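First comes the structure, then the notes that go with it.
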Amino acid sequence: MHLKMKFMLAVCLVALTCCSAPLPKDEQKVIAELPVGTVDVKLYAGELSIYVLKDGTVLKAALTDKEKPKNDLPPMEGGSLTPYEIEVLRHSVFYAPMPTWSAACCIPRHAFLFYDKDGQYLGHLKVCFQCSCAELKPYSPPDSKLTHIEWNYTALQKIVENHKLPVKFRY
């Protein structure tokens, strides 16, 4: 019995001295800033995937009645976000450590496009409510350990729903 206690004590001491506790998840992430000069954010949704061209043109892939991809259909427009929604968005997207696993699908069906006061396209955030992946442009992580884009699912879901767009699709 005495030997077991010594062994347990040794294990505890080793664990305390060689292993540091990981940071709480919230301390491991940093807010991903929207592009400088963003004053307008427009919301779009698509049945399959949203594509944003370099000039800010939004395309979507959608299925026809015959279930064949068709890339020239316009996206569903949700209009501009309110100033309050833009503020919520500013605090809902983060750079975080790469997760140990991630979904392989990543078909972002919602896009938030950023514009300056003159209406010039600055960048975008695309998200997938199915697998929680995201794409942020411009992409500028604060360091090499924080390269994954995380976002607040509930906050963005409320914004999408406020704009009368579907959150999830059948495909």
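Note on surface exposure: Cys105, Cys131 rank Cys105, Cys131 by accessible area, highest first, 1.4 Å probe.
Accessible area ranking (1.4 Å probe, heavy atoms, ligands and nucleic acids excluded), largest first, for Glu85, Glu33, Glu161, Glu47: Glu33, Glu161, Glu47, Glu85.
In terms of the Cα gyration tensor, with a ≥ b ≥ c the square roots of its eigenvalues, is region 127-171 rounded because a/c is under 1.5, prolate because a/b exceeds b/c, or oblate? Prolate is the answer for region 127-171, as a/c is 1.5 or above and a/b outweighs b/c.
Sorting Leu156, Leu122 by solvent-accessible area of protein heavy atoms yields Leu122, Leu156, largest first, with a 1.4 Å probe. Straightening the chain between Val39 and Asp143 buys 34.8 nm, computed as 0.36 nm per residue apart minus the Cα-Cα spacing.
The values are calculated or read from the model by the stated rules, or taken from the named source; none is laboratory data. Computed from a prediction, not measured in an experiment: that's the story for all the values here. What goes into the accessible areas is simple: the full protein's heavy atoms, side chains included, and nothing from ligands, DNA or RNA. Shrake-Rupley method; radii C 1.70, N 1.55, O 1.52, S 1.80 Å.
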